[in-house]
Amino acid sequence: MDFSELDRDNTGRCRLSSPVPAVCRQEPCVLGVDEAGRGPVLGPMVYAICYCPLSRLADLEALKVADSKTLSESERDKLFVKMEKDRDFVGWALDVLSPNLISTSMLGRVKYNLNSLSHDTATGLVQYALDQGVKVAQVFVDTVGLPETYQERLQQRFPGIEVTVKAKADALYPVVSAASICAKVARDQAVKSWHFVEKLQDLDADYGSGYPNDPKTKAWLRKHVEPVFGFPQFVRFSWRTAQSILEKEAEGVIWEDSVTGDQEGPGRIMSYFSKGPRTHPRLPHRYFQERGLESATIL
């Protein structure tokens, strides 16, 4: 996998894909969707699809693909190499979503939670396969949230495709197992080759599993939190674990244009039409407060 695009800019997302096998543009195909790295506080989340013709599904099963969580790293790598050798009938594509993208989406003024981000990413990958000419006939997805709701949403989006959404689909359907292997191999590589734009002193590569409840991960976060600027972009700062460490280890910030506790909001509507003096100064609209805009007094 070529991660040069991610190396150049690891603040957003990047898409990687294999060539589309010619047979996948000619015959009805089955497509699986799965992710890796949804829960960790460190590193990206990766969504992947894997597809092959329905007529070659038995050949995919013969590769002995399985849920990536049940396999060792070396076993996953070997299986991915096997899939790469079978490019004549197996294709894949994946989206790498950076920690920065995940956190800024979740903490933006318009909230975009992890489930919605996951659903939209999976939908985008299925659409990508269709745009590349893959004749997708069946889609199997490892669920995020309620499978019935998720399946209904995907079925409405792709009415001409048979969609199945199940919990633990990566253990039930070989094509989803293959997608889970692609996602996990990609995340492992992205984490190992992560380019830290921050100049960190004594960078410790041993951060444990990356999950919030791992003592090694918590120790790594405490070591690499900067009192003023917070965490490196490798960290999902929207996770509660990261926020708690920021509150304890980092400096508090008071913004000059923040509304303080002794300032009141707008009064009753009729107070704007009264002739008497205003008891409290009128605050600008929230739009101007959030952007730090003030009325110009001198041009």
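List of remarks:
- Nitroxide proxy distance, nm - points 7 Å out along Cα→Cβ at Q155 and L130: 1.6
- Distance in nm between pseudo-label sites at T11 and A296 (7 Å out along the Cβ direction from Cα): 2.8
- Value of Rg to Rh for segment 1-53 (Rh from inverse mean 1/r over Cα pairs, i.e. Kirkwood): 1.07
- When Rg and the Kirkwood Rh are both derived from Cα coordinates, the Rg/Rh ratio for segment 193-251 amounts to 0.92.
- The ratio of the alpha-carbon radius of gyration of segment 117-217 to the globular-protein estimate 2.2 N^0.38 Å is 1.38.
- Calculated from backbone phi, Karplus (6.51, -1.76, 1.60) coupling profile of segment 203-218 in Hz, x at Gly/Pro: 4, 9, 7, 9, 10, x, 7, x, 7, x, 8, 7, x, 5, 5, 4
- Taking every DSSP beta bridge that has both ends in segment 39-180, the antiparallel portion is near 60%.
- The slack in the chain from E162 to A62, taken as 0.36 nm per residue of separation less the alpha-carbon distance, amounts to 33.6 nm.
- Cβ-defined net charge surrounding H119, 13 Å radius [Lys, Arg +1; Asp, Glu -1]: -2
- Surface accessible to a 1.4 Å probe, per residue, for the residues of segment 1-79, Å²: 43
- Per-peptide average of other Cβ atoms within 10 Å, ordering 192-205, 5-18 highest first: 5-18, 192-205
- Over 25 Å (Cα to Cα) - which of K78/K192; K78/K216; K192/K248; K69/K199; K111/K168 fall in this group: K78/K216; K192/K248; K69/K199; K111/K168
- Net lengthening on full extension, N113/A171 (0.36 nm per residue, minus Cα-Cα): 18.3 nm
- Expressed in units of 2.2 N^0.38 Å, where N is the residue count, the Cα radius of gyration of the chain is 1.26.
- Placing one equal scatterer on every Cα of segment 57-202 and applying the Debye formula, the log10 ratio I(q)/I(0) at q = 0.14, 0.18, 0.21 Å⁻¹ is -0.79, -1.22, -1.48.
- Alpha carbon centroid spacing (whole Å) that separates segment 79-117 from segment 158-203: 6
- In degrees, nearest ten, helix 147-157 long axis to first principal axis of the chain (Cα): 80
- Whole-number D in µm² s⁻¹ for segment 1-104, Kirkwood Cα-pair radius fed into Stokes-Einstein, 4 °C, 1.567 mPa s: 87
- Peptide packing for 246-253, 144-151, 182-189 was compared via the average number of neighbouring C-beta atoms within 10 Å per residue; ordered from the highest value, the list is 182-189, 144-151, 246-253.
- Gain upon complete extension [T70, D202; 0.36 nm per residue less C-alpha separation]: 44.2 nm
The values are calculated or read from the model by the stated rules, or taken from the named source; none is laboratory data. Here the structure is a predicted model, which means the values were calculated and not measured. When we count neighbours, we look across all protein chains shown, and the Cβ atoms used for this are built from the backbone with ideal geometry, even at glycine. Keep in mind that these areas ignore ligands, DNA and RNA; they rest on the heavy atoms of the full protein, side chains included. Shrake-Rupley method; radii C 1.70, N 1.55, O 1.52, S 1.80 Å.
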